[in-house]
Amino acid sequence: MGTLAGYSSSFSTIIFRCPLKNPLMEYAYRNRISLVNGSAGSCDVLCREIIRKRRRISSRHFGKLMMIRACYSNNDDNSGSGEGEDKESSSLATAAKEDTEERRSGGGEDLDSEDFPGSVSSRQPTISPVGSGYNNFQVDSFKLMELLGPERVDPMDVKIIKEKLFGYSTFWVTKEEPFGDLGEGILFLGNLRCKREEVFAKLQNQLSEVMGDKYNLFMVEEPNSEGPDPRGGPRVSFSMLRKEVSEPGPTTLWQYVIALLLFLLTIGSSVELGIASQINRLPPEIAKYFTDPNAVEPPDMQLLLPFVDSALPLAYGVLGVQLFHEVGHFLAAFPKKVKLSIPYFIPNITLGSFGAITQFKSILPDQKAKVDISLAGPFSGAVLSFSMFVVGLLLSSNSAVASDLVQVPSMLFQGSLLLGLISRATLGYGAMHAATVSIHPLVIAGWCGLTTSAFNMLPVGCLDGGRAVQGAFGKNSLVAFGLATYTLLGLGVLGGPLSLPWGLYVLICQRTPEKPCLNDVTEVGNWRRAILSVAIFLVVLTLLPVWDELAEELGIGLVTTF
């Protein structure tokens, strides 16, 4: 994180991944390239999209945008006339000018406060479309983007902040420059006057007193710094963004509906796992459906009803682990005043669930909070899973519960080196070195829970393990860990047959690193790094399969050599 490009990319993630308060702004962002390089038709498409959402815009702005569209709708008629081009450009320029003057004077009707908070007059254009390199359409596109773009830091606020916040006793500003892809933030470069943590705390308090709840202040490593800070550690800078730009948006109704549907599907996949665990009791047509990979048509569901009751304990165990995992996240986030989204559970037939996607709905205060909250979930789920796994192994040797035991192929224990060795040490050579093994359903629930926790602790992307590695070792280390993880998953070294679906899931849903913290500089300490290193080592042992030679020597399953 030592370059400006890295910071710009990180904070652009805040902007473009967060749900924006206005769909028109989001539409403009996603089409900003086509607006600059496209034709008048692109502007007409954007204006029609704006007109379609008429209810979100005041009558004053709606009239101006209608005028813009009218200009470009007649573009073909005026294509050969320089006078027509001047009319188009002057019309949009007049609209933007009137908008600025009216906002400065306080007159007129403002945009909906929910959609466009703040003042448009505070926006400073980050691109100056002047010169022969830009045609009239591009100039007007820049102006239209300026009208719909993100809320920028007010220049007057920057002046006030420099006078009242920064100084000889805190941070002496030597230079300031735009921050972010669209220049929506300000980066203050300078020199620290005392300890960075004390300066940051003091600046945050003063910013709240001077500006209220208007801006977020970030302490980041100075981009392109020539050396470390004389007081030790990297040189730091301070960046400032408006809250509505930098903070995630609220959870929508549709997100609640999707979360509920995914949870119901996860319940179904957990029950199906419980039914599949009774493979030795199922009718032949149902057993073939669960064991034959070529079986496509499901059997008669009425044949499964007698096995639902006996499948519920295993389903409860799998769901309990996932819920315990999420409770761990929320309990760790609560004292740090970090808001989390509702969990989006991912159903999976093999494990019952792949876990859940839980997003941060507020900016994290520092790297320690990121590591603690990220580790709390997997650790909570792993503790419950390991307890069920050990208790299930002990019950598997108890003749009093023989009626509750289920038969599973012994080769399943070769799926994990760590869990296979624990099972072999508990059940013994005779029980494990056979075609099938009689185990309690708690063993299956604990095994699935530990496997899911291990998958979520892989150091890649926005998984719990990826967030923890990013907070403890930095973003560059996360890139290296991620490349190694993707390679091992692609080769099938980790996770066995589940490596490919899990790798695709991460690439599609969880590949992006977590957003920066308010204090993105202070390190987490050696003991957090040590705990994380041990956890990653146990994750590798859990997901590493037992190779045939070791399995044959230890007596874990029957190994057939051709």
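Here are a few things to note about the model shown:
- Pairs with Cβ under 9 Å, 6+ apart, first in region 478-503 and of a type in the set (Ser, Thr, Tyr), second in a helix (DSSP H, G or I) and crowded, with 20+ Cβ neighbours inside 10 Å: 485/465; 485/466; 485/503; 485/506; 486/503; 486/506; 499/489; 499/543
- From 478, 491, 483, 507, residue being open to solvent by 40 Å² or more (accessible area, probe 1.4 Å), of a type in the set (A, V, I, L, M) and in contact with a Gly (Cβ under 9 Å, 6 or more places away or on another chain): 507
- Out of 330, 413, 386, sole residue that is part of a helix (DSSP H, G or I), within 21 Å of residue 446 (Cβ to Cβ) and open to solvent by 40 Å² or more (accessible area, probe 1.4 Å): 386
- Test result for residue 401, among the β-branched types (Val, Ile, Thr) and buried (at least 18 other Cβ atoms within 10 Å of the Cβ): no
- One residue alone among 410, 403, 399, 374 is of a type outside the set (D, E, K, R), in contact (Cβ under 8 Å) with a residue 40 or more places away in the chain and more than 28 Å from residue 512 (Cα to Cα), and that residue is 410.
- Given (1) modelled with pLDDT of 80 or more; (2) closer than 19 Å to residue 406 by Cβ; (3) surrounded by fewer than 18 Cβ atoms within 10 Å (Cβ to Cβ); (4) among the β-branched types (Val, Ile, Thr), index of the condition residue 257 fails: (2)
- Picking from residues in region 181-226 that are of a type in the set (S, T, N, Q), at pLDDT 85 or above and within 17 Å of residue 521 (Cβ to Cβ), the one that is surrounded by the most Cβ atoms within 10 Å (Cβ to Cβ) is 216.
- Residue check for residue 368: open to solvent by 20 Å² or more (accessible area, probe 1.4 Å), on the phi > 0 side of the Ramachandran plot and modelled with pLDDT of 85 or more: no
- When restricted to residues that are among the β-branched types (Val, Ile, Thr) and at pLDDT 85 or above, region 540-562 contains 3.
- Residue that is farthest from residue 444 (Cα to Cα), among those in region 351-370 that are of a type outside the set (A, V, I, L, M), touching a residue at least 40 places away in the same chain (Cβ under 8 Å) and not in a strand (DSSP E or B): 365
- Test for residue 448: is it open to solvent by less than 30 Å² (accessible area, probe 1.4 Å), modelled with pLDDT of 85 or more and in contact with a Ser or Thr (Cβ under 6 Å, 6 or more places away or on another chain): no
- Conditions (1) touching a Ser or Thr at 6+ places or on another chain (Cβ under 9 Å); (2) surrounded by 20 or more Cβ atoms within 10 Å (Cβ to Cβ); number of the one not met by residue 359: (2)
- Test: residue 452 is assigned to a helix (DSSP H, G or I) and touching a residue at least 40 places away in the same chain (Cβ under 8 Å): yes
- Residues located in region 510-537, provided they are open to solvent by 80 Å² or more (accessible area, probe 1.4 Å) and either of a type in the set (A, V, I, L, M, F, W, C) or not in a loop (DSSP other than H, G, I, E, B) (or both): 526, 527, 534, 537
- Filtering region 296-327 to residues that are open to solvent by 30 Å² or more (accessible area, probe 1.4 Å), at pLDDT 85 or above and of a type in the set (A, V, I, L, M, F, W, C) leaves 312, 323, 324, 327.
- Any pair with Cβ under 9 angstrom, 6 or more apart, that starts in region 201-219 at a residue that is within 15 Å of residue 163 (Cα to Cα) and ends at one that is polar (S, T, N, Q): 202/169; 202/170; 203/170; 206/170; 207/216
- Failed condition for residue 345, given (1) touching a strand residue (DSSP E or B) at 6+ places or on another chain (Cβ under 9 Å); (2) in a helix (DSSP H, G or I); (3) buried (at least 23 other Cβ atoms within 10 Å of the Cβ): (2)
- When residue 270 is tested against (1) buried (at least 19 other Cβ atoms within 10 Å of the Cβ); (2) at pLDDT below 85, only condition (2) is not met.
The values are calculated or read from the model by the stated rules, or taken from the named source; none is laboratory data. Worth saying up front: this structure is predicted, and the values here are computed from it rather than measured. Cβ sites come from the backbone with ideal geometry, for glycine too, and all protein chains shown count toward neighbours. Calculation scope for accessible area: heavy atoms of the full protein, side chains included, ligands and nucleic acids excluded. Shrake-Rupley method; radii C 1.70, N 1.55, O 1.52, S 1.80 Å.
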